[in-house]
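Visitor: Shown below is the structure under consideration.
The values are calculated or read from the model by the stated rules, or taken from the named source; none is laboratory data. Predicted model only: the values in this text are computed from it and were never measured. Cβ placement follows ideal geometry from the backbone for every residue including glycine, while neighbour counts extend to all protein chains displayed.
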Amino acid sequence: MADGPPHPESSNRPRSDLLLVLRKFLTNARTVATVAPSSRALSRAILRGIDWANTKTVVELGAGTGPITAQLAKVVPPHVRVVINEYLPEFCAALRHKFPAMDVVEGDARRLTEMLAGRGFTQVDYVLSGLPLTHFVPADRDAVIDQAGRLLAPGGEFRQLTTAPWLYRGLYRRYFREVSFRLVVWNLPPGGVYYCRGWIPPEERAAR
Ligand SMILES: C[S@@+](CC[C@H](N)C(=O)[O-])C[C@H]1O[C@@H](n2cnc3c(N)ncnc32)[C@H](O)[C@@H]1O
């Protein structure tokens, strides 16, 4: 077999996950917002460079069928607490089946603070979002990003997956002082990750 990055449609994703995502997309297009789970390359990119030694808590939002969770499970050290969030019950069932050791929370990411408070967290080091935030109405997007921003520990990061490379850099720059982007072509469609640091509170955004 040839070396090199796997083809985005190949062994990256079990066939059953593809079918489940496709089926849920047909009935919940706005929520699911994709026809296929993220590739392994994209899922790894969102974890790139995480400073595990100094990380206590990681939250994944909009986990879907768990392509990022799968990569996370491979690399997360035992001292790090991980919360996996997903809205759709069928995806949560799939996540619990595949990752019985993970804390999977079924619920709306717009209630992030409450969700984490219920688990005793008031601060997180990384928020990894697969949420279709650009499909959210602005008030809901503000709600998710501002809760994540408030919860971030000093030096913490909000990371967002995208399948519309470069298009939304300006959007994330409204919320964060530092935004960088990494393109990942090995995904269907090609995508990338926004790495965001230094949350800008709403009062400051309004004054800009
Ligand atoms: C684009 S898919 C990404 C799934 C997965 N992370 C991946 O990379 O393949 C978006 C996911 O966000 C979930 N989602 C949408 N709105 C949500 C919300 N308000 N709270 C939690 N999850 C949500 C959807 O059900 C879906 O699983």
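Visitor: If I filter region 84-96 down to residues being without any contact (Cβ under 8 Å) to a residue 40 or more places away in the chain and more than 9 Å from the ligand (Cβ to nearest atom), which single residue comes out as surrounded by the fewest Cβ atoms within 10 Å (Cβ to Cβ)?
Guide: Residues of region 84-96 that are without any contact (Cβ under 8 Å) to a residue 40 or more places away in the chain, as a first pass: 84-86, 89, 92-93, 95-96.
Within this subset, residues satisfying the condition of being more than 9 Å from the ligand (Cβ to nearest atom) are 84, 89, 92-93, 95-96.
Numbers: ILE84: 25, PRO89: 9, CYS92: 18, ALA93: 14, LEU95: 24, ARG96: 16.
Per the stated criteria, the residue is PRO89.
Visitor: For region 118-141, which residues satisfy the criterion of being away from the ligand (no atom under 13 Å from the Cβ) and surrounded by 15 or more Cβ atoms within 10 Å (Cβ to Cβ)? Let's see the steps before the verdict.
Guide: Narrowing region 118-141 to residues away from the ligand (no atom under 13 Å from the Cβ): 118-126, 138.
Across region 118-141, the qualifying residues are PHE121, VAL124, ASP125, TYR126.
Yes/no matrix, rows are residues, columns are (1) under 12 Å from ILE200 (Cβ atoms); (2) away from the ligand (no atom under 15 Å from the Cβ); (3) in contact with a helix residue (DSSP H, G or I) (Cβ under 7 Å, 6 or more places away or on another chain):
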residue: VAL144; (1), (2), (3): no, no, yes
residue: ARG150; (1), (2), (3): yes, yes, no
residue: ARG159; (1), (2), (3): no, no, no
residue: TRP166; (1), (2), (3): no, yes, no
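Visitor: Still on this model: Would you confirm whether or not region 113-125 contains a residue that is of a type in the set (Asp, Glu) and within 21 Å of PHE181 (Cβ to Cβ)?
Guide: Keep residues of region 113-125 that are of a type in the set (Asp, Glu), which gives 114, 125.
Retained after the next criterion (residues that are within 21 Å of PHE181 (Cβ to Cβ)): 125.
Yes.
Visitor: In region 148-196, what residues are of a type in the set (D, E, K, R) and surrounded by 16 or more Cβ atoms within 10 Å (Cβ to Cβ)?
Guide: If we filter region 148-196 for residues that are of a type in the set (D, E, K, R), which is where we start, we get 150, 157, 159, 169, 173-174, 177-178, 182.
Answer for region 148-196, where residues must be of a type in the set (D, E, K, R) and surrounded by 16 or more Cβ atoms within 10 Å (Cβ to Cβ): GLU157, ARG159, ARG182.
Visitor: From the list GLY192, GLY149, which residue is part of a strand (DSSP E or B) and within 15 Å of the chain's Cα centre (by Cα)? Step through it out loud before you land on a result.
Guide: Details: GLY149 fails: part of a strand (DSSP E or B).
None of the other options fit; the residue is GLY192.
Visitor: Sticking with this one: Can you find, within region 39-70, the residue that is nearest to PHE158 (Cα to Cα) among those that are within 16 Å of the ligand (Cβ to nearest atom) and among the charged types (D, E, K, R)?
Guide: Initial filter on region 39-70 (within 16 Å of the ligand (Cβ to nearest atom)): 39-48, 58-70.
Keeping just the survivors that are among the charged types (D, E, K, R) gives 40, 44, 48, 60.
Values: ARG40: 20, ARG44: 15, ARG48: 13, GLU60: 10 Å.
So the residue we want is GLU60.
Visitor: How many of the residues in region 71-82 are surrounded by fewer than 21 Cβ atoms within 10 Å (Cβ to Cβ) and within 12 Å of the ligand (Cβ to nearest atom)?
Guide: 1
Visitor: A follow-up question, please. For the subset of region 97-117 comprising residues that are within 10 Å of the ligand (Cβ to nearest atom) and without any contact (Cβ under 8 Å) to a residue 40 or more places away in the chain, which member is surrounded by the most Cβ atoms within 10 Å (Cβ to Cβ)? First the steps, then the outcome.
Guide: From region 97-117, those within 10 Å of the ligand (Cβ to nearest atom) are 105-112, 115; that's our starting set.
Next, only the ones that are without any contact (Cβ under 8 Å) to a residue 40 or more places away in the chain stay: 105-108, 110-111, 115.
On the way: VAL105: 22, GLU106: 16, GLY107: 14, ASP108: 14, ARG110: 19, ARG111: 16, MET115: 20.
Among residues in region 97-117 that are within 10 Å of the ligand (Cβ to nearest atom) and without any contact (Cβ under 8 Å) to a residue 40 or more places away in the chain, the one surrounded by the most Cβ atoms within 10 Å (Cβ to Cβ) is VAL105.
Visitor: If you scan region 25-38, which residues turn out to be surrounded by 19 or more Cβ atoms within 10 Å (Cβ to Cβ) and more than 7 Å from the ligand (Cβ to nearest atom)?
Guide: Let us first name the residues in region 25-38 that are surrounded by 19 or more Cβ atoms within 10 Å (Cβ to Cβ), namely 32, 34, 36-38.
ALA36, the sole residue that qualifies.
Visitor: Shifting gears a bit: When residues of region 152-185 are filtered for being without any contact (Cβ under 8 Å) to a residue 12 or more places away in the chain and either in a strand (DSSP E or B) or of a type in the set (Phe, Trp, Tyr) (or both), how many remain?
Guide: Number satisfying all stated conditions: 1.
Visitor: Taking LEU131 as the residue in question, decide whether it is assigned to a loop (DSSP other than H, G, I, E, B) and at pLDDT 95 or above. Before you say what the answer is, go through the steps one by one.
Guide: On the way: assigned to a loop (DSSP other than H, G, I, E, B): yes; at pLDDT 95 or above: yes.
Criteria met by LEU131.
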